[in-house]
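Visitor: Before I ask anything, let me first share the structure, which is written out below as structure tokens.
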Amino acid sequence: MRVFLTIFSAIPVVLMILYIVNIFRVWLYERQINKVCDTRDKEIQQIKSFGTSGITIGFVEGSIKVEREKWQAKLDELERKRRFILDKLPLMRK
């Protein structure tokens, strides 16, 4: 009987720890997404600054499009992982 009480009292504690760990993982993915977005935006601003140095507008716009596509795969991966964790956490659903 005491074994059952010990097991049943440990289960909520383990579930709470798992919940907190998953919230922490979502927070880490959110930070990584923000970091990737900031890096992408800095590189796009750097490309835009080349537009004032005599390079054609079409080349600058094409370079910006390539840069966005380069970072989009990483952003999609991070957002997919974050969304997967959020879908599994019942109290965090929208």
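Visitor: Could you check residue 39 against (1) part of a helix (DSSP H, G or I); (2) at pLDDT below 85; (3) of a type in the set (Val, Ile, Thr) and say which number it fails?
Guide: Checking residue 39 against (1) part of a helix (DSSP H, G or I); (2) at pLDDT below 85; (3) of a type in the set (Val, Ile, Thr), the one that fails is (2).
Visitor: Just checking, does the stretch 45-56 include any residue being among the hydrophobic types (A, V, I, L, M, F, W, C), modelled with pLDDT under 90 and outside any helix (DSSP H, G or I)?
Guide: Yes; the residues of the stretch 45-56 include at least one that is among the hydrophobic types (A, V, I, L, M, F, W, C), modelled with pLDDT under 90 and outside any helix (DSSP H, G or I).
Visitor: Do we have residue 49 as surrounded by 13 or more Cβ atoms within 10 Å (Cβ to Cβ) and polar (S, T, N, Q) here?
Guide: It is false that residue 49 is surrounded by 13 or more Cβ atoms within 10 Å (Cβ to Cβ) and polar (S, T, N, Q).
Visitor: Now for a separate question. Considering only residues that are of a type outside the set (S, T, N, Q) and touching a residue at least 40 places away in the same chain (Cβ under 8 Å), look in the stretch 11-45 and name the one that is surrounded by the most Cβ atoms within 10 Å (Cβ to Cβ).
Guide: By that ranking, first place goes to 29.
The values are calculated or read from the model by the stated rules, or taken from the named source; none is laboratory data. Small disclaimer: the values here were computed from a predicted structure and weren't measured. We place every Cβ from the backbone using ideal geometry, glycine too, and count neighbours over all the protein chains shown.
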